[in-house]
1. Taking only DSSP H segments of four or more residues, each worth -39500 (n - 2.57), what value at 222 nm results for the chain once the sum is divided by all its residues, to the nearest 500 deg cm²/dmol?
2. Hey, what do the phi angles of region 224-235 turn into as Karplus ³J(HN,Hα) couplings, whole Hz, using 6.51/-1.76/1.60 and θ = phi - 60°, x for Gly and Pro?
3. Scan the chain and report its longest stretch carrying no trypsin sites (Lys or Arg not before Pro) that are both in a DSSP loop and have at most 16 other Cβ atoms within 10 Å.
4. Take every Cα-Cα pair in region 89-161 and report what % of them are more than 17 Å apart.
5. R0 = 22 Å: FRET efficiency of Lys7 with Thr300, Cβ-based, nearest 0.05?
6. If we sort 82-92, 110-120 on the protection proxy, mean other Cβ atoms within 10 Å, highest first, what's the order?
7. I need Met256, Met150 ordered by Cβ neighbour count within 10 Å, fewest first.
8. Neighbouring Cβ atoms within 10 Å as the yardstick, rank Thr300, Thr278 fewest first.
Amino acid sequence: MPARNLKSIWSWAMYDWANSVFATVVIAGFFPVVFKQFWSTGLSSEQSTFWLGSANSAASLIIVILAPVLGALADCKGWRKHLLLGFMSAGALATAVLHWAGGGDWQAALVLYMIALIAFMAANVFYDSLLVDVSQGRNMDRLSGLGYAMGYLGGGLLLAFCVVMSQQPELFGFTAAMDAVLFSFVLVAVWWFVFSMPLGLWVKESTPLVQNRLQAGQIWRETRNTFRHCLAQREIRLFLLAYWIYIDGVDTIIFMAVDYGMSLGFSVNDLITALLLTQFVGFPAAIVFSRVGERIGVKTALLFAITVYGLITLWGYFMTTPKEFYFLAVAIGLVQGGVQALSRSWFARMIPAERAAEYFGVYNMMGKAAAVLGPVLMGLVAVLTNNHRYSILSLLIFFIVGFLLLLKVSAPASSDTHKSDNATYGA
């Protein structure tokens, strides 16, 4: 492979290294802890779970509305990298400002978190779509897996450093552990921004077939056309429906696992240790799972991973000890990256490369539409039943229905070339 292609591949994968620290340190790690123990003082455990779940769902709902339009705009103007870097910068800034949110100021913390989360998810629309520019057909599964593996490693390394910093704050010039934890948000922002630069410098974005003037009516028409094309093609329609449902369970576990563990009375150290296990198991597992998908088929590998997630949900309902939480963390690490990577590469094979951002706008819209439901469902079940165990059990339905729908989707064909626009639409 030419050195130029290798540079673009690694530069693309480095964005996963860059942005995954937000997913790991902020979404899954420190934000739920700080929100429950520092920002939401005065709220009950059930109320803090409800508001955190609602914030995650509200941010996802906004992306549901924006993602397809942003995708059409990016493809129309050739702005995928520009929009990615713009949203990344906004997300990094909002994350850094969390450092200055005061104790008990849960509303301000949630607003900043939502801004950062919306920017994080919006940037991912364009990042995912760039996969078709840097990959070459058969290496799509491996490259998608490489990105997630880099993300697990980068997120795990910074999380480990932040944990050490919070446990020994005096070594880093802090007087209290909470000061060190709050400073972690600044570190995440700097890491996210700095390591995004290789993508901006060395990933070449394909030129749009037609450069169109920026007209709102045209952008909406392109968005509607993309929806029509997706709905008109049985395999894409079924895949997106299945993805919409099973990824809801996956994303909700990412968003709410630490909150759930805290509600069961597990210590912060236990929860962060479990999160680190997920990260460092997920690094090699994402790469290996992509290879497994090549050997046994992407569909079979995905069905297996969804089954594992269903079993994880059941085990989560019954677990009583931190040791069990560790086992669940390892199990999640083994399959989480595989589900995400293979879903992305499967969809990339089904779409025309020249309209990748539009289609990935729909793909991300479906994923985030699902993420509206899961966290709210967990929060409502916790409040209505006054039992957090029922809230985790409610996620089982997503994996059962997603599994059954995915059974109906034909496995993707490996190909060295993408479908053309005409071939995809049957013209």
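Computed from the coordinates by the stated procedures, all read-outs in this text should not be read as laboratory data. Since we're looking at a predicted model, the values are computed, not measured. Here the Cβ is made from the backbone with ideal geometry for all residues, glycine too, and neighbour counts use every protein chain on show.
1. -26500 deg cm²/dmol
2. Calculated HN-Hα couplings, in order: 4, 4, 4, 4, 4, 4, 5, 6, 6, 9, 4, 5 Hz.
3. No qualifying site falls inside 1-203, the longest such stretch.
4. 61
5. 0.05
6. The densest-packed peptide leads the list: 110-120, 82-92.
7. Met150, Met256
8. Thr300, Thr278
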